[in-house]
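Coordinate-derived values only; no laboratory data. Quick caveat, the model's predicted, so the values are computed rather than measured. So basically every Cβ, Gly included, is an ideal-geometry build from the backbone, and we count neighbours across all protein chains shown.
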Amino acid sequence: MYPAEFDYHAPTALADALHLLQGHDGTVKVLAGGQSLLPLMKLRLADASTLVDIGRIAELRGIREDGDAVVIGATTTYRDILDSAVVGRRVPLLVDTVRQIGDMQVRSRGTIGGSLAHADPGGDLPATILAVDAQMTAAGSGGTRTIAARDFFTGMLTTSLNEGEVLTSVRLPALDQARTGSAYLKHRHPASGYAVVGVAAIVRLAADGTCQEARVGVTGAGSQAMRAGGVESALQGKALDDATLADAASHAAEGLDLLSDPYASAEFRGHLAQVLTRRALAAAVARARGGPGA
Amino acid sequence: MRQAIHVTVNGAEHGYEVEPRLLLVHFLRDVLGLTGTHIGCDTGQCGACTVLLDGRAVKSCMVLAVQADGAKISTVEGLATKGELHPIQQAFWEKHGLQCGFCTPGVMMATVCLLADNPTPTDEQIREQLEGNLCRCTGYQNIVAAVRTAGERMRASAAAPAGVPAQARAE
Ligand SMILES: Cc1cc2nc3c(=O)[nH]c(=O)nc-3n(C[C@H](O)[C@H](O)[C@H](O)COP(=O)(O)OP(=O)(O)OC[C@H]3O[C@@H](n4cnc5c(N)ncnc54)[C@H](O)[C@@H]3O)c2cc1C
Ligand code: FES
Ligand code: FES
């Protein structure tokens, strides 16, 4: 199998990529790691008259610390993230998530920006990006703008990126603070490896051990990843015993437009969301009690 | 429009003009005649097409040849040196890490990468890192035993094991 014909450009400057994305008729697409786009093009489920490969633009790749945040370039691969001591120390939740994506080969090529721009309902990163309150930066012909994670995912396979816009970087507030713990748990689809349901949880404890703040992102269950607001508010100010966690987790599927397929019914997905939320919260609480960023 | 690419495959340099839609796996098999890299599923699931791209295991059915421009590529044909099996090949033979052999080139290239990353993997880590390689025959038990044996031998032999592709060693 091979894709239909297309023109290919591999600019080394972002400005050139943006220009190419404006300057063509027909379907002009960004190519990053190709781990979603190329299989789709081979199956002729996606087509492009022109591919603009952003993989050779140095400014889009890399990881840097910026005060209380870690900024990751859009074409940084999963593998680069796993190899990064900075990410491991400052945003362990991201490592926890990326470890569970696909397989070694997919992690060699797949990029953080590609995963987010693709917005697969079974993608793992959206849950984590939502839970950490990340900020996306996008560049287009009209300039640069930032988009909060909450406003980024707008539906199945759709984001608030405009035609011709390139996601350039993702800014993740660091989690290596006192009494803070996090965890990502997923139920893997046995064939594809994607998340049937995935839950990212962050818990920050007050000095007295009660819940100061909880943030939970759920992916896979519905047509788009969402924050589980009902879970979060049910934990606020509470002492975090098992009953409280279980009670809060029972809100995990609220507001989700649950998906259904031959492997997992809507009912099963809703159940998984609750179970995984309870377990992810319990793991995050244990780590929060264990020390900073544990 | 065809585009010029330059790649180094198993140490030999090649320059070709290729169609942008040519996949790396077809470039290796059909243009260079290196048919050791197999095509199983063709949809990114099975790992039969695994090669090393700048030292990292990738599925070559999901990489365009033009994306590999300038890269160093290692395929299963590059494992043996001077007619001598690479320790990974030797271990797969001895431990019966293959039956029909269709998945084997991809599994062995993934093994080169996983042992370069972690020379002392546990069986669980071996299974995790080989998640992207499907085998219809062996039941994986003997594949894990072969990888474990290869790792032990490569550690035991001199600091720089002969035959590991240079870029994998540099990783
Ligand atoms: C076998 C297999 C298993 C997988 N398992 C999982 C899994 O368990 N969990 C998971 O989350 N994912 C999984 N994936 C998907 C993988 O994570 C993809 O790498 C990812 O979804 C896309 O990233 P990419 O860099 O490859 O993007 P590409 O495939 O290059 O692009 C994807 C889409 O995003 C657009 N795009 C890419 N980058 C940008 C950008 N910077 N700005 C604007 N638009 C952009 C492209 O135009 C395209 O439409 C799997 C894939 C495979 C093949
Ligand atoms: S042929 Fe490439 S993954 Fe199966
Ligand atoms: S040995 Fe036959 S598929 Fe693995």
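Details
- Residues whose amide H falls under 5 Å from that of residue A:224, counting only those 5 or more places apart or on a different chain, are A:257, with hydrogens built in the peptide plane.
- Computed E for residue B:4/residue A:257 - FRET, C-beta separation, R0 45 angstrom, nearest 0.05: 0.40
- Here residue B:14 and residue A:157 are evaluated by their C-beta separation; at R0 = 35 Å the FRET efficiency comes out at 0.40.
- The fraction of Cα-Cα pairs per 5 angstrom bin, counted from 0 for the stretch A:7-53, comes to 5, 23, 32, 22, 14, 4, 0 percent, rounded to whole percents.
- Alpha carbon Rg of the stretch A:179-229, scaled by the compact-globule rule 2.2 N^0.38 Å: 1.37
- Whichever aspartates and glutamates have a C-alpha closer than 16 Å to that of residue B:72, once near sequence neighbours (fewer than 8 apart) are set aside: B:13, B:54, B:171
- With a 10 Å cut-off around each Cβ of B:9-20, the average count of Cβ atoms from other chains is 1.
- Spin-label pair residue A:5-residue B:140: with each label point 7 Å from Cα along the Cα-Cβ axis, the two points sit 4.4 nm from one another.
- For the stretch A:180-288, alpha-carbon Rg relative to the globular expectation (2.2 N^0.38 Å, N residues): 1.03
- The value of relative contact order for chain B, using C-alpha pairs under 8 Å at least six residues apart, is 24 percent.
- Mean residue ellipticity at 222 nm, helices only, chain A: -9000 deg cm²/dmol; runs of at least 4 DSSP H residues each add -39,500 (n - 2.57), and the sum is divided by the number of residues.
- Rel. contact order, % - alpha carbon contacts under 8 angstrom, at least six apart, chain A: 16 percent
- Test item: Cα-centred dipole of chain A, Lys/Arg +1 and Asp/Glu -1 on Cβ, debye: 700 debye
- Candidate cross-link partners of residue A:29 among the lysines, defined by an alpha-carbon separation under 22 Å and a same-chain spacing of 8 or more, comprise A:42, B:59.
- Per-residue average of Cβ from other chains inside 10 Å of A:93-105: 4
- 0 to 90° range, to nearest 10: angle between helix A:266-290 axis and chain A longest Cα axis: 70 degrees
- Mean residue ellipticity (222 nm) of chain B, computed from DSSP H runs ≥ 4 via -39,500 (n - 2.57), nearest 500: -8500 deg cm²/dmol
- When A:184, B:16 are sorted by how many other C-beta atoms sit within 10 angstrom of their C-beta, beginning with the fewest, the order is B:16, A:184.
- For residue A:238, a cut-off of 16 angstrom between C-alpha atoms picks up these aspartates and glutamates, skipping any fewer than 8 places away in its own chain: A:208, A:213, A:247.
- Taking other C-beta atoms within 10 Å as the exposure proxy, B:43, B:104 rank B:43, B:104 from fewest upward.
- Percentage relative contact order, the stretch B:1-89, counting C-alpha pairs under 8 Å, at least six apart: 33 percent
- Measuring how big the protein assembly as shown is from its alpha-carbon positions, Rg and Dmax come out at 22.7, 69 Å.
- For chain A, share of DSSP beta bridges that run antiparallel, in % to the nearest 5: 85 percent
- Dipole magnitude (debye, nearest 20) for the stretch B:3-76, charges at Cβ of Lys, Arg, Asp, Glu: 240 debye
- Take each peptide in B:108-121, A:257-270, count the other Cβ atoms within 10 Å of every residue, and average; sorted highest first, the result is B:108-121, A:257-270.
- Mean Kyte hydropathy of 0.5 or more with a Cα span along the axis of at least 15 Å, helices from DSSP in chain B: B:104-117
- The stretch A:1-101 shape via C-alpha gyration tensor axes, a/c threshold 1.5: oblate
- In this calculation the C-beta distance from residue B:80 to residue A:43 is compared with R0 = 45 Å, giving a FRET efficiency of 0.80.
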